[in-house]
1. I need every pair where a residue in region 25-49 that is under 11 Å from ARG6 (Cα atoms) has its Cβ under 6 Å from the Cβ of a residue that is among the polar types (S, T, N, Q), sequence separation at least 6 or different chains.
2. State all residues of region 33-56 that are under 12 Å from the mean Cα position of the chain (by Cα) and over 28 Å from GLN19 (Cα atoms); if no residue qualifies, say none.
3. Looking only at helices (runs of 4 or more DSSP H) that fall completely inside the chain, which ones have 2 or more residues that are open to solvent by 80 Å² or more (accessible area, probe 1.4 Å)?
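The values are calculated or read from the model by the stated rules, or taken from the named source; none is laboratory data. The model shown is predicted, which means the values in this text are computed figures rather than measured ones. Don't worry about glycine lacking a Cβ; one is built from the backbone with ideal geometry, like all the others, and counts go over all protein chains shown. Just so you know, the surface numbers come from the protein's heavy atoms only, side chains and all, with ligands and any DNA or RNA stripped out. Shrake-Rupley method; radii C 1.70, N 1.55, O 1.52, S 1.80 Å.
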Amino acid sequence: MVRHQRGYLLLEWIRQAEQDAPKPMKSFAGFLRQDLDAVTAGLTLPWSSGVVEGHVNRVKTLKRAMCGRASFALLRARILTQA
């Protein structure tokens, strides 16, 4: 479903998971149902925010590593030089 962008199969998968799956899978299926349009779009459309999420993760990692050790100017410089 994910690799082949078959989001149209999601609703049937959720129905099966809510009926037959173990409790953690049922909870996950219910969570997917809450935002069904967004999840279906993510499984159907060719666009991805993966690159942006990677940059956000990198910035957060730098912030955690430098927490309380350096000034904002140094943090800014490190973020901009690695971009």
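1. Listed by first residue and then by second, the contacts come to THR44/GLN5.
2. Of everything in region 33-56, those that are under 12 Å from the mean Cα position of the chain (by Cα) and over 28 Å from GLN19 (Cα atoms) turn out to be SER48, SER49, GLY50, VAL51, VAL52, GLU53, GLY54, VAL56.
3. Once the helices (runs of 4 or more DSSP H) in the chain are filtered for at least 2 residues that are open to solvent by 80 Å² or more (accessible area, probe 1.4 Å), what remains is 10-20, 23-34, 50-66, 72-81.
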